[in-house]
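To start, the structure under review is shown below, and the notes come after it.
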Amino acid sequence: MHPDSRFFNFHILVKNLHRMKKGLLVVCVLLVFLIEANAQKKKSIFNGKDLTGWKIYGTEKWYVEKGELICESGPDKQYGYFATDKEYKDFELTLEFKQESNGNSGVFFHSQIEGITVSGWQAEVATLNMHSGGIYESYGRGWLIQPTADKEKVLKEGKWNTMKVRVKGNEVTTWLNGEHMITLTDDKIGSRSGKIALQIHDGGGVKVRWKNISLVEL
């Protein structure tokens with residue numbers, strides 16, 4: 001090979017490496033931009049200090065302790081709800097919960113509340129093998145979809161669990177501890193917006209802790 005050819009090939013290699021570096025830099029900048037844009041969209045809807053931005057429905061107990069929201073049955077042993085002041089339509093909600101006793105609760109969406117009567121849909125939070133992550137329509141059609149039997153064991157009773165609820169148009173998807181639980185398509189759900197609400201089930205003996213409640217509007 002002629003010496004000039006070796007020099008020419010080396011020169012091409014250097015130019016290609018330079019282009020690759022520039023391309024990699026552009027990709028990195030785009031990734032940082034996308035990550036920051038997503039972080040800006042995601043917002044906490046529970047401040048960990050007080051109940052600002054939410055309203056209590058019913059006489060059951062809702063309070064903040066060490067940065068966590070706690071719901072607890074009161075002497076009336078009735079249903080209780082803790083709902084956002086704002087209404088939401090399309091969103092992705094992420095939260096953590098820990099059931100300390102009788103964890104029969106739920107995460108409501110597109111809901112309207114009068115007293116302790118709620119109309120809307122619930123992503124179930126319940127005890128083991130009681131369909132956490134399924135979708136129930138209160139004062140309507142009842143159970144719309146339940147997780148398959150093999151997914152019931154995903155719930156970690158007495159420990160922190162992470163639930164994600166995504167509502168977009170007519171479609172609802174839930175995840176529990178990273179496991180896809182259900183996907184439901186329902187025209188009625190897509191026809192309205194409403195409040196997000198956490199529930200205390202009636203009957204007494206309920207105590208559930210919640211934290212890191214965040215939301216991205218879609």
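Since every read-out is calculated from the coordinates, none of them should be taken as a lab result. Because the structure is a prediction, the values reported are computed rather than measured. Reconstructed Cβ throughout: ideal geometry from the backbone, glycine too, with neighbour counts over all protein chains shown.
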Checklist outcome for this item: Here the equivalent ellipsoid of the stretch 168-218, derived from its Cα gyration tensor, has semi-axes (largest first, whole Å) of 24, 16, 13
Item to check | Under 12 Å from K188, Cα to Cα: aspartates and glutamates that are on another chain or at least 8 residues apart | outcome: E137, E171
Checklist outcome for this item: Once normalised by the length of the stretch 32-174, the mean sequence separation of its alpha carbon contacts under 8 Å that are 6 or more apart gives a contact order in percent of 19
Item to check | All aspartates and glutamates inside 19 Å of K55 as judged from Cα atoms, apart from same-chain residues fewer than 8 positions distant | outcome: E65, E68, E72, D76, D85, E87, E114, D202
Next on the checklist: Could you give me D for the stretch 132-218, from Stokes-Einstein at 37 °C and 0.692 mPa s, where the hydrodynamic radius is the Kirkwood radius over C-alpha pairs? Units µm² s⁻¹, please.
Outcome noted: 225
Checklist entry - Across the stretch 73-82, in residue order, what do the Karplus-derived ³J(HN,Hα) couplings come to in whole Hz, using 6.51 cos²θ - 1.76 cosθ + 1.60 with θ = phi - 60° and x for Gly and Pro? => result 4, x, x, 6, 6, 9, 5, x, 9, 10
Checklist outcome for this item: Any residue on another chain or 5+ positions along whose placed amide H is under 5 Å from the amide H of I45 is listed here as I213, S214, L215
Checklist entry - All other residues with a Cβ under 11 Å from the Cβ of K188 taken together, and with Lys, Arg as +1 and Asp, Glu as -1, what is their net charge? => result -1
Next on the checklist: Cross-link candidates for K168: which aspartates and glutamates have Cα within less than 13 Å, leaving aside residues fewer than 8 places away along the same chain?
Outcome noted: D90, E92, D186, D187, E217
Item to check | Charge context of S73, other residues only, Cβ under 12 angstrom, K/R +1, D/E -1 | outcome: -2
Next on the checklist: For a protection proxy built on the mean count of beta-carbon atoms within 10 angstrom, sort 105-111, 90-96, 129-135 highest first, please.
Outcome noted: 105-111, 129-135, 90-96
Next on the checklist: Can you tally the net charge around D85? Count Lys and Arg as +1, Asp and Glu as -1, for every other residue whose Cβ sits under 10 Å from the Cβ of D85.
Outcome noted: +2
